[in-house]
Amino acid sequence: MKKAKIVSFCGIISALSVVFLMLGSLISVMDMTMAVVASILLLVIFEEIRFKCFFVYFVTIVVGALICPDKLVVFEYAIFALYPIVKLSLEKAPRIVSLLVRISYSILAGGGTVLLTSFVFLSDPNPTFDIIFLAGLLLIFILLDVAVKRFIKFYRQRLRKRLRIDKFFD
């Protein structure tokens, strides 16, 4: 019975994530916001059942790529969804190691995005825009870091008890 509950919970979170990605795809101004909201939903799975969250991550990417008309939202989700998991995985690591890994992740994600837009989407290289884009993306990762920290604290202290998720898996 417990495995059926876990699968159903993962399916619900994955479907809700795809709905947020679809909203971001339809309302183009909110594409990055909805990708971040969908990635924060992944925190609930990671907090409850740890590494089964990668199943939800991959299912959300595949279904989102099939359904969403704007594939950029799915790509943004693929970048942003791993960051909260990296942050929570390094919770017990020394502070300097955690900080270095998170900064490295954000720089690699930003560099990968610039390379992808240059070579896959065949946009003209513009070094000034790339530097501004990377600075903006670093700012977004800093804001995401703060949002993840506050959400996980709120989830552990209040939301988990109110939603009775702890009793769902017993």
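List of remarks:
- Contact order relative to length of the range 1-76, as percent, for alpha carbon pairs under 8 angstrom and 6 or more apart: 37
- Across the chain, the longest piece that holds none of the trypsin sites (Lys or Arg not before Pro) lying in DSSP loops with up to 16 other C-beta atoms within 10 Å covers 1-91.
- Of Ile85, Ile27, Ile40, the one that fluctuates the most in a GNM where the chain has Cα springs shorter than 10 Å: Ile27
- Gaussian network model of the chain, Cα within-10 Å springs - most flexible of Val73, Val18, Val97: Val97
- Kirkwood Rh in Å, taken over all unlike Cα pairs in the chain: 16.9
- Hydrophobic, long helices, defined as DSSP H runs whose alpha-carbon span along the helix axis is 27 Å or greater and whose mean Kyte-Doolittle value is at least -0.5, occur in the chain at 2-26, 31-49, 95-119, 127-154.
- As a proxy for reagent exposure, Cys53, Cys10 were ordered by neighbouring Cβ count within 10 angstrom, fewest first; the result is Cys10, Cys53.
- Each of Asp124, Asp31, Asp70 was scored by other Cβ atoms within 10 Å of its Cβ. Arranged with the fewest first, they read Asp124, Asp70, Asp31.
- Gaussian network model of the chain, springs between alpha carbon atoms under 10 Å - residue of Leu139, Leu82, Leu23 with greatest fluctuation: Leu139
- From least to most packed, judged by other beta carbons within 10 angstrom and beginning with the fewest, Leu108, Leu159 follow the order Leu108, Leu159.
Rule-based calculations on the coordinates, nothing more; no lab input. Computed from a predicted model, the values in this text were never measured in an experiment. Neighbour counts are summed over all protein chains in view; Cβ atoms, including those assigned to glycine, are modelled from backbone coordinates with ideal geometry.
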